[in-house]
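The values are calculated or read from the model by the stated rules, or taken from the named source; none is laboratory data. Note that the coordinates shown come from a computational prediction; the quantities given were computed from them, not determined experimentally. When we count neighbours, we look across all protein chains shown, and the Cβ atoms used for this are built from the backbone with ideal geometry, even at glycine.
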Amino acid sequence: MKVSTRGDYACRALLSLALHDGQSAPTSVRDIADRTGLPQPYLEQILLALKGAGLVRSKRGVGGGYVLARPPEEITLAQIVSAVDGPIVAGDFGEPHTGGACDHEGQCVLLAVWAEVGEYMRAYLQSFTLADMVARSLGAPAAPSPGPKADPAGPQDPPSAQAPRQARELVGSTARAPERHAPIRAR
């Protein structure tokens, strides 16, 4: 997955609002554009999409602008990216077939992997809030949010619960991802 320019701009705009969250007045699109270096016309479109997703509120007229609709601790990077780019997926390949009904050699195996990759990306982005980004912007150490505790007997969580921890391990490591599936054997 590649985060689009639109997704990046949306995250930057909301981070700017979060960094100035203590202000009593809404922030104008012009001020956000000036602070972030983003093009104002494109930023206006992005903020409208974020408003539609319930992540920001707007006030019209003199002294108008945008404010976060929720506290920064309750807004994740996954929510922001999804609001402007749609669902976070590794590709638009469809769902794997079940019960051995795969139409083409190898298709279902790869469809399952792409679905897992999308889940890991969603979970990883979900593990970061705007509050985390504010802390990093202000010089706090870049420690990811804690993931589920590892079971000494091995992972017992479903893949969706394992995703944040495994995604952080993959990002923080140059080693290959551990094998999750049994090797395919010739018949």
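Details
- When Glu105, Glu44, Glu73, Glu116 are checked against the criterion of being part of a helix (DSSP H, G or I) and modelled with pLDDT under 90, Glu116 stands alone in meeting it.
- Within region 1-41, the set of residues being touching a residue at least 24 places away in the same chain (Cβ under 8 Å) and not in a helix (DSSP H, G or I) comprises Met1, Val3, Ser4, Asp21, Ala25, Pro26, Thr27, Ser28, Leu38.
- Of the criteria (1) of a type in the set (A, V, I, L, M, F, W, C); (2) exposed (fewer than 15 other Cβ atoms within 10 Å of the Cβ); (3) touching a residue at least 60 places away in the same chain (Cβ under 8 Å), which one Val62 fails: (3)
- Within region 119-149, the set of residues being part of a helix (DSSP H, G or I) and either at pLDDT below 85 or under 15 Å from the mean Cα position of the chain (by Cα) (or both) comprises Glu119, Tyr120, Met121, Arg122, Ala123, Tyr124, Leu125, Gln126, Leu130, Ala131, Asp132, Met133.
- One residue from Ala13, Ala69 being more than 14 Å from the chain's Cα centre (by Cα) and crowded, with 21+ Cβ neighbours inside 10 Å: Ala13
- Residues of region 33-69 satisfying the condition of being touching a strand residue (DSSP E or B) at 6+ places or on another chain (Cβ under 7 Å) and closer than 23 Å to Gly139 by Cα: Leu68
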